[in-house]
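What follows is a set of notes on a single structure, which appears directly below.
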Amino acid sequence: MALLYKADPVRGATWQKLFGAEAPEIDFRHWPDTGNLADIRYLAAWTVTPDLLASLPNLEVLFSTGAGVDQLDLTQVPDHIQVVRMVEPGITEGMVEYASFATLALHRHMLHYRKAQAEARWAPIKLVPAKDRRIGVMGLGNLGRAVLTRLGSYGFALSGWSRSPQQVDGVTCHAGAEAMPAFLAGCDILICLLPLTAETHGILCRKTFDLLPDGAALVNVGRGGHLVESDLLAALDAGKLSGAVLDVTEPEPLPNDHPFWRHPAILLTPHVASMTQPESAARVLMGNIRQHRQGLAMLGTVTRGRGY
Ligand code: NAP
Ligand code: GLV
């Protein structure tokens with residue numbers, strides 16, 4: 001019974017050592033040293049090709065090395081193969097840090113002060129207490145919940161939106177498309193932490209921005225495909241939105257001549273909000289393989305029909 005790893009080689013070398021020391025019963029194979037392909041029951045990868053899948057006749061589980069699975073074309077993965085995304089504390093902590101940074105930067109007018117400093121202008125803006133700043137998170141999964149919990153410690157007024165009804169302590173929760181207008185009406189800062197699916201593609205569009213309070217700000221840490229770029233530029237230029245922090249774009253990397261790079265109301269980072277941490281992620285993977293060997297549920301199993 002073997003696990004084939006085919007992703008970032010530096011992380012792979014760390015995982016190989018950790019599996020050798022902590023899970024010697026799992027035969028860890030680091031691509032391209034596959035050995036006999038018929039031994040491979042588990043594949044850990046960021047992306048896969050139909051050829052790779054076809055070469056693994058006994059594959060049972062495909063593990064994404066990241067939290068998202070939108071980079072995998074699930075229609076190409078045979079139905080009998082389970083797909084599992086990465087749910088590990090390192091990714092969560094990175095996202096909590098970044099979302100806190102982005103929220104605090106917008107809350108404390110850092111885009112305005114960045115511009116004022118570049119112009120050597122002393123231009124203070126009246127401070128808004130955190131309790132009067134309404135933060136809304138789209139996506140109440142592992143990451144959205146963890147982000148809201150940390151933001152609650154600053155005293156912000158919190159709300160969240162998901163597909164099915166959810167409960168999060170201290171958060172006003174909304175669910176489903178019909179609840180979206182009420183949710184958006186109460187967001188001074190909107191954070192997107194949705195998975196990219198057929199339903200959520202392009203969800204950050206003019207219609208959504210129009211439902212936000214005037215002068216609201218956006219943080220997109222989901223995927224670039226959530227955002228309709230021209231609608232964001234129009235909303236910023238019209239003053240409907242006051243600023244945006246974007247960690248993800250479509251495509252990545254963003255071309256050098258893209259208007260986002262130089263827009264004064266956009267803070268752009270190169271998809272670094274959070275990253276799979278080799279040690280904690282390896283332990284989650286070991287745990288999941290052991291669960292699967294015993295016929296038990298794995299953490300992060302994707303529901304194929306939903307796409308997340
Ligand atoms: P998750 O646990 O699967 O949670 C997804 C949440 O989104 C759930 O609350 C789900 O609703 C909600 N949702 C899905 N489709 C929806 C829809 N059509 N309408 C309303 N709500 C919907 O995912 P996660 O682990 O929190 O990760 C979320 C995403 O973050 C990932 O898919 C990835 O794209 C992104 N991410 C980005 C980075 C980065 O560095 N920028 C790093 C990691 C992850 P239910 O609760 O009803 O199921
Ligand atoms: C990163 O974006 C991930 O999905 O882990």
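Can you find, among Q277, P165, F183, the residue sitting farthest towards the positive end of the charge dipole of the chain, where Lys and Arg contribute +1 and Asp and Glu -1 at Cβ?
The Cα lying farthest towards the positive end belongs to F183.
Run the helix sum for the chain: -39,500 (n - 2.57) per DSSP H stretch of 4+ residues, divided by residue count, reported at 222 nm to the nearest 500 deg cm²/dmol. If you can, show how the numbers build up before the last one.
Working: 9 runs with 95 residues, N = 308.
For the chain, the value works out to -9000 deg cm²/dmol.
Say the dipole of region 90-268 comes from +1 at the beta carbon of Lys and Arg and -1 at that of Asp and Glu; which of W122, P251, A146 then lies farthest toward its positive end?
W122
Over the chain, what percent of the accessible surface lies on carbon and sulfur atoms, probe 1.4 Å? Show your work: numbers first, answer last.
Details: 8150 of 14720 Å².
On the chain, the fraction of accessible area on carbon and sulfur atoms equals 55 percent.
Could you pull out every one of the lysines with an alpha carbon less than 18 Å from that of K6, ignoring same-chain neighbours closer than 8 positions?
K17
When every alpha-carbon pair in region 212-264 is counted, what percent end up more than 13 Å apart?
Working: 812 of 1378 pairs.
Above the 13 Å cut-off, region 212-264 has 59 percent of its Cα pairs.
Any number yet on Rg/Rh for region 161-269, C-alpha, Kirkwood? Numbers along the way, then the final one.
Details: Rg = 13.8 Å, Rh = 14.4 Å.
Over the Cα atoms of region 161-269, Rg/Rh equals 0.96.
Hey, got the dipole for region 90-268? About the Cα centre, +1 on K and R Cβ, -1 on D and E Cβ, debye to the nearest 20? Walk me through the intermediate numbers first.
Working: 16 positive and 17 negative charges, 108 e Å.
Charge dipole of region 90-268: 520 debye, to the nearest 20.
Divide, for region 69-121, the radius of gyration over alpha carbons by 2.2 N^0.38 Å, where N is the residue count. Numbers along the way, then the final one.
Values: Rg = 19.9 Å, N = 53, 2.2 N^0.38 = 9.9 Å.
Region 69-121 yields a ratio of 2.00.
Accessible area per residue for region 64-159 in Å², computed with a 1.4 Å probe and the full protein assembly in place, what is it?
Working: 4740 Å² over 96 residues.
On a per-residue basis, 49 Å².
Averaging over all projection directions, find the projected area of the Cα convex hull of region 213-303 and quote it in nm² with one decimal place.
Working: hull surface 33.4 nm².
The orientation-averaged projected area of the Cα hull of region 213-303 comes to 8.4 nm².
Compute the length gained on full extension between E22 and Q167: take 0.36 nm times their separation in residues and subtract their Cα-Cα distance, giving the result in nm to one decimal.
Values: separation 145, 0.36 × 145 = 52.20 nm, distance 3.65 nm.
So the extension gain works out to 48.5 nm.
As a test of understanding, state the convex hull volume per residue of region 267-308 from its alpha carbons, in Å³.
Numbers: hull volume 4.0 nm³, N = 42.
Here the figure is 95 Å³ per residue.
Once you have the Cα-Cα distance between R206 and T301, take 0.36 nm times their residue separation minus that, and quote the gain in nm to one decimal. Provide the component values of the computation, followed by the final result.
On the way: separation 95, 0.36 × 95 = 34.20 nm, distance 3.31 nm.
Stretched fully, the R206-T301 segment lengthens by 30.9 nm.
Taking the Cα centre of the chain as origin, work out the dipole magnitude from +1 charges on Lys and Arg Cβ and -1 charges on Asp and Glu Cβ, in debye rounded to 20.
Working: 27 positive and 30 negative charges, 163 e Å.
That gives a dipole near 780 debye.
Antiparallel DSSP bridges in region 90-268: what percent, to the nearest 5? Intermediate results must be reported in sequence, preceding the final value.
Values: 1 of 27 bridges.
Restricted to region 90-268, the bridges split so that about 5 percent are antiparallel.
In Å³ and rounded to a whole number, note down the convex hull volume per residue for the Cα atoms of the chain.
Details: hull volume 46.1 nm³, N = 308.
For the chain, the hull spanned by Cα atoms encloses 150 Å³ per residue.
Of the listed peptides 259-271, 235-247, 76-88, what is their order by residue-averaged count of other C-beta atoms within 10 Å, with the highest listed first?
Working: 259-271: 15.0, 235-247: 19.9, 76-88: 16.8.
Descending packing order for the listed peptides: 235-247, 76-88, 259-271.
In Å and on Cα atoms, what radius of gyration and Dmax does region 92-238 show?
Both quantities, over Cα of region 92-238: 15.1, 49 Å.
The values are calculated or read from the model by the stated rules, or taken from the named source; none is laboratory data. The shown structure was predicted, so the numbers you read here are calculated from the model rather than taken from an experiment. Positions of Cβ are backbone-derived with ideal geometry, glycine not excepted, and every protein chain shown enters the neighbour counts. The protein model used for the area step is the full one, side chains on, heavy atoms only, and it has no ligands, DNA or RNA in it. Shrake-Rupley method; radii C 1.70, N 1.55, O 1.52, S 1.80 Å.
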